[in-house]
Amino acid sequence: MPAPDLIVRNATLPDGRRGQDIVVTAGRIAEVRPAVAAEAAQEIDAAGQLVTPPFVDAHFHMDSTLSHGLPRVNRSGTLLEGIALWGELKPDLTAEAIAARALEYCDWAVARGLLAIRSHVDVCDPRLLAVEALLAVKRQVAPWLDLQLVAFPQDGLLRSLGAEAQLLRALDLGVEVVGGIPHFERTMADGAASVRRLCEIAAERGLPVDMHCDESDDPLSRHVETLAAETVRLGLQGRVTGSHLTSMHSMDNYYVSKLIPLMVEAELGVVANPLINITLQGRHDTYPKRRGMTRVPELMAAGLTVAFGHDCVMDPWYGLGSGDMLEVAGMGLHVAQMTGVEAMRACFDAVTVNPARLLGLEGYGLAPGCRADFVLLQAADPVEALRLRAERLAVVRAGRVIAAASRRDSVLTLPGQEARRVDFRRRGDG
Ligand SMILES: [Zn+2]
């Protein structure tokens, strides 16, 4: 057997196992057990700290990220002013500017151990500039980060002229997930029709679905019901995700008791976006103000895969954020009042293993045979990682350290290798 390329010594794993050595050969994890005798070309002393599979963001908008303030800031901070602002910005967009901002964000993401992102990309611009730009970015960052793209008809599949043809063109170009926004169509009936049509397109093409669904405080916004029913009708179980689902927060409890079993039958994936939902929902309320996040603990208890997404970073909808999925999970934990020990661990899963399942990532995890992608955190366990928004001491991709903390008191020792951050802009095609 050839010498391993990398051994991480004395790691604690998210499941609580301590003193584990992680042996990496040819970009894959070969072994995970205590006290491995072999020596490797490169060794990292984890010193008992937590090694986790990378963070995964199941819901993002890479085409608008880092555009905050262009052409002006969102004064009200509302969803509708955000959509209007994006409309003002669109005519002035260039593929180069979109790609440059996306690459900058990927740089931030990698530095924070976020190595897989599902991004919606607006297909309502007839030039498909953002699609073209993000497909190029996806290829460019592939050695470091998995970028999965969703064809997203931001202005409505039926409401926006030509949206279906553009969505199909985006799929032809290589966008791999079918998106939608039924609550933005003109009527409930149009919303349901858009869900049906989009699920049929996904079934015909063998693609997954991930829709913005019921991002509303209206308890009668029930497109998730149609999404689940169409999933079952077309045999798409396990391939369909409902993002946001904020109207579920305001729905009648009796109706929800019928809805959740239907969602379970459809094996629907769920993505809540806590930073965005807590700021955008409940805006028409006086007091008490609703929180407007979907029913995360109840959906988890029903056995559904629930992830937390970042959704926005410094764009027309949200002027904050930094690509830190521990901040996202921390907000989700607080909004959902998931402060029990098991519940906090479930919030850590909601930014790691759960979104990895929704994205269908191959070889994700810390078992032998998995891709050697992982993050060394300055924390003893997942709950401490959440509490501290723990520093990323080292980020490893396919067995190579691609980002590392530059702190002098870092426990990390990398013989012959200087601590550095990946910078895609300088690296070109790598
Ligand atoms: Zn979104």
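Coordinate-derived values only; no laboratory data. None of these values were measured; they are calculated from a predicted model. Ideal geometry is used to build each Cβ from the backbone, glycine not excepted, and the neighbour counts take in all protein chains shown.
Results, tabulated for the structure shown:
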read-out	value
Gain upon complete extension [residue 17, residue 357; 0.36 nm per residue less C-alpha separation]	120.2 nm
Nearest-20 debye value, the chain charge dipole, Cβ charges on Lys, Arg, Asp, Glu	480
Helix axis angle, 223-233 relative to the chain longest principal axis, alpha carbon, degrees	80
MRE, 222 nm, helices only [DSSP H, n ≥ 4, -39500 (n - 2.57), over the chain, to nearest 500]	-10000 deg cm²/dmol
Cα Rg, Dmax, the stretch 1-154, angstrom units	20.8, 62
Residue order, fewest to most beta carbons within 10 Å, for 248, 300	300, 248
Relative contact order, percent, the chain [alpha-carbon distance under 8 Å, six or more residues apart]	20
Whole-number D in µm²/s for the stretch 190-264 (Stokes-Einstein; Kirkwood sum over Cα pairs; 20 °C, 1.002 mPa s)	172
Scattering profile of the stretch 262-382 at q = 0.14, 0.17 Å⁻¹ [log10 I(q)/I(0), Debye over alpha-carbon scatterers]	-0.67, -0.96
Extension gain (nm, one decimal) between residue 169 and residue 43, 0.36 nm per residue minus Cα-Cα	40.7 nm
Residues of type aspartates and glutamates that residue 289 reaches as a straight line, Cα spacing below 14 Å, ignoring anything fewer than 8 places off in the same chain	217, 218
Average projected area [Cα convex hull, the stretch 1-90], square nanometres	9.7
Estimated distance in nm for a label pair at residue 76 and residue 334, the labels positioned 7 Å out from Cα along Cα-to-Cβ	2.6
Virtual paramagnetic centre 7 Å along Cα→Cβ of residue 283, amide N under 17 Å, in the stretch 80-103	80-89
Principal-axis tilt of helix 95-111 within the chain, Cα atoms, nearest 10 degrees	50
Mean Cβ neighbour count within 10 Å, used as a protection proxy, ranking 52-62, 70-80, 11-21, 275-285 highest first	52-62, 275-285, 11-21, 70-80
D_trans [Stokes-Einstein, Kirkwood Rh over alpha-carbon pairs] for the stretch 77-170, 25 °C, 0.890 mPa s, µm² s⁻¹	174
The stretch 274-313: C-alpha gyration tensor shape, a/c 1.5 cut-off, then a/b vs b/c	oblate
Hydrodynamic radius (Kirkwood) for the chain, which is based on Cα pairs only, to one decimal in Å	22.0
C-alpha long axis of helix 129-141 to longest principal axis of the chain, angle in °	10
nm² value of the averaged projected area, convex hull over the Cα atoms of the stretch 232-328	7.5
Footprinting exposure proxy for 200, 215 (fewest neighbouring C-beta atoms within 10 Å first)	200, 215
Packing-based exposure ordering (other Cβ within 10 Å, fewest first) of 317, 108	108, 317
Listed residues 353, 390, 247: farthest to the positive end of the dipole of the chain (Cβ charges)	390
Kirkwood-based shape ratio for the stretch 137-188, expressed as Rg/Rh from alpha carbons	1.09
All Cα pairs of the stretch 158-305, percent lying beyond 29 Å	14
